[in-house]
Each structure stands twice: as structure tokens, then as C-alpha cells.
Amino acid sequence: MLLMGVAVSHSAPTAVAISDPALFNYQELPREGSVDFVIAQKSPSFEFHSGPSRYQAFKLPTASDRYLIDVISFLDDPDTPERAHVFYPIVALLTEDFLVSRTTDFSSLRVDLPVFEYTTQPAYRITVGIDPIISHECYLVVFTANALLEKPSMPQIDDPSKAADSLRDVLLGASAGGRLQIVTRPADESAKTNTDPGR
């Protein structure tokens, strides 16, 4: 299925709107290592299946063996939880014809805390496996769900006995942009960030 729709930007007019995934600017990913990047107000936008979102696009490395890709999104202002925001990443993998072969969802996200050397600051992480022998995936696009940005930071809770159910439906502190890192590593290597992106 194609990344659907025509690109629009409901946010800043400085964001570049692109209507065809073939025209994305795909940054090369290393076979092993990390790439730091920022999705910001001037980042390009696209109308994804989940709504308009700013994004960053990458070309997968050439490889003969299976490898893993970690997409890590760092919390802004992590020392002040009530004001902290994060770009909740979704990952779409595209074929050489720019067709979507699969996408992740929020059940794939896990929280990384600064312990055990996994990360130096709080972050959310998605890990996807790439098997070049059986797949024809060539590109990776990182974006977020527009619906998250339209929800209030805290739901209205009228019945305390239903508070847990209400909170499950809201991801607090969703942001349209953020500081992220991609790490490519062998399939048998433990996950950890290589660098600590500056604020």
C-alpha cells in the first residue's frame, strides 16, 4: 500500500510539503553506527495514513546479513517531567518502488532509562529487524501520528475508578518534532546509543 494522500502542512508555513515518497531526500545510513538528526519546524511534511507529519527519510545500507535498526527519540526537558515532550516515532519501511512493506505501531515503543548503558538520557526506542535476503526493503521513514498532537496532555477524568483506562488512551507530552538517533547494528549485538545528542 502506498503512503497515502497529498502532502499538506497544518503547522508552520516554513515546512516543505512533498507529495511523492520518491521525491523524499533519503539520507544514507551506515552499515554499523549511528546518525543523529532533528525533526523540526522546517522539516518536510507529508500526508501519511495517520495524518500529516514532519518526517526524516533514510536509505538502508547495503548488507548481506540480517541487522537491526534502533530508532531512538529523546525526551525534551527530561528533568521536568510535567513539561517534558517527546516525538513518538513511527517507522515505515519502503521497497525500491517506494511502496510501504510494513510500519510499526506504538505497541513497539519501549522506554529507555539512563541505566545499564542503553542510553544517557530518557528516550523512547523502536527496534526493527532487516533481512536483506528475504526482503526488498530499501528505505526507512520516521514520522509520528497526527492524532497524538490533537489530544490534550492530560485527559479529563470524572470517575477516579476509570483513571487507568483513560490514561491508557493518551500518550502524554506528544511533540511534532524532536531530537532522534538511528543506530544500525548486527542482529546479535546489544542495543545502546553511541552518542548523547546535544540539546
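Here the scattering of region 18-65 is modelled by Debye summation over its C-alpha atoms, one equal scatterer each and no solvent; at q = 0.32 Å⁻¹ the log10 of I(q)/I(0) is -1.26.
The 3J(HN,Hα) values that the Karplus relation (6.51, -1.76, 1.60; θ = phi - 60°) gives for region 24-33 are, in residue order, 4, 8, 8, 7, 5, 9, x, 4, 9, x Hz. Gly and Pro appear as x.
Each listed q (0.10, 0.12, 0.15 Å⁻¹) maps to a log10 I(q)/I(0) for region 21-106, found by the Debye formula over equal Cα scatterers with no solvent: -0.31, -0.44, -0.69.
Summing +1 for each Lys or Arg and -1 for each Asp or Glu, what net charge is found among the other residues whose Cβ lies under 15 Å from the Cβ of S135? Net of charged neighbours comes to -2.
Read the figures in this text as sums done on the coordinates, not as results from a lab. Here the structure is a predicted model, which is why all the values come from computation and not from measurement. Note: ideal-geometry Cβ built from the backbone for every residue, glycine included; neighbour counts use all protein chains shown.
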